[in-house]
Amino acid sequence: MVVFLANRANLQSKRLHDRAQNRLSGEFENVRRRRAEPREAGPYRVVAEVDPRQFLGGDEYPVTTARVEIGVQLQTGEPHEYYWFNWIEPDRSLLVGWHQDDTHDDLGPVHLQVNDGATPVAHEPAQFIDSHPLDVVERRLNSLRDAILAVKWEQGRPVGLDSAATGRE
């Protein structure tokens, strides 16, 4: 496990996203930093492509293309950063992701979300990690496999999460 002890108060958004890009480059393909689109919070996203069968270690997984998208927003007015860490499978219109933001206060500062296309089908509270954003990236990467495999499916559509498998505290 890599531990990042840098001073969070001195973070710069472009440098932070470049470091996240460097971290993903060893494990994923076509890793790049892009400017966030107007509908997305924060200034940048790091996007990486992956073959889910390789990442998850199973030849039976139903799709062969997915991507990871990570974004961090600094200076939120909160004592912590906001982040979005998403696994996206375009062929199945699946999004699984942790979102630390102010969109679901009833779930706490972080939630794990599953979308069927643009429609959220599940929101669950997730562990709040009060740490440097690169440590958060590392820890979410370590939990990503379990979150993906926790998605419940009915008739080829994601419908929720198996809470026991998400490692929720």
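The values are calculated or read from the model by the stated rules, or taken from the named source; none is laboratory data. As the structure is a computational prediction, the values presented were derived from the model and not from experiment. Because the Cβ atoms are built from the backbone with ideal geometry, glycine has one as well, and the counts that use them run over all protein chains shown. Note: accessible area is taken over every heavy atom of the protein model, side chains too, but ligands, DNA and RNA are not part of it. Shrake-Rupley method; radii C 1.70, N 1.55, O 1.52, S 1.80 Å.
Yes or no, residue by residue, for (1) at pLDDT 85 or above; (2) under 25 Å from residue 129 (Cα atoms); (3) of a type in the set (Ser, Thr, Tyr):
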residue	(1), (2), (3)
6	no, yes, no
25	yes, yes, yes
56	yes, yes, no
62	yes, no, no
68	yes, yes, no
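Whenever a residue of region 21-33 is in contact (Cβ under 8 Å) with a residue 40 or more places away in the chain, its partners that are surrounded by 13 or more Cβ atoms within 10 Å (Cβ to Cβ), lying with C-beta atoms within less than 6 angstrom and at least six residues away or across chains, give the pairs 24/31; 24/48; 28/48; 28/50.
Among the criteria (1) open to solvent by less than 20 Å² (accessible area, probe 1.4 Å); (2) within 19 Å of residue 148 (Cβ to Cβ); (3) under 17 Å from the mean Cα position of the chain (by Cα); (4) among the hydrophobic types (A, V, I, L, M, F, W, C), the one residue 63 does not fulfil is (3).
Screening residue 86 against (1) under 17 Å from residue 158 (Cα atoms); (2) polar (S, T, N, Q); (3) out of contact with any strand residue (DSSP E or B) (no Cβ under 9 Å at 6 or more places or on another chain) leaves a single unmet condition, (3).
Could you tell me which of the residues 93, 131 is in contact with a strand residue (DSSP E or B) (Cβ under 7 Å, 6 or more places away or on another chain) and either surrounded by fewer than 17 Cβ atoms within 10 Å (Cβ to Cβ) or at pLDDT below 90 (or both)? Spell out how you get there, then give the answer.
Values: 131 fails: in contact with a strand residue (DSSP E or B) (Cβ under 7 Å, 6 or more places away or on another chain).
Answer to the check: 93.
Residue 99 satisfies every condition listed in (1) touching a Leu at 6+ places or on another chain (Cβ under 9 Å); (2) modelled with pLDDT of 95 or more except (2).
Against the condition buried (at least 17 other Cβ atoms within 10 Å of the Cβ), among the aromatic types (Phe, Trp, Tyr) and outside any strand (DSSP E or B), how does residue 85 come out, does it pass? Reasoning before the result, please.
Values: buried (at least 17 other Cβ atoms within 10 Å of the Cβ): yes; among the aromatic types (Phe, Trp, Tyr): yes; outside any strand (DSSP E or B): no.
Criteria not met by residue 85.
May I ask you to verify whether residue 165 is within 18 Å of residue 61 (Cα to Cα) and either open to solvent by 30 Å² or more (accessible area, probe 1.4 Å) or at pLDDT below 95 (or both)? Yes; evaluated as a whole, the condition is true for this residue.
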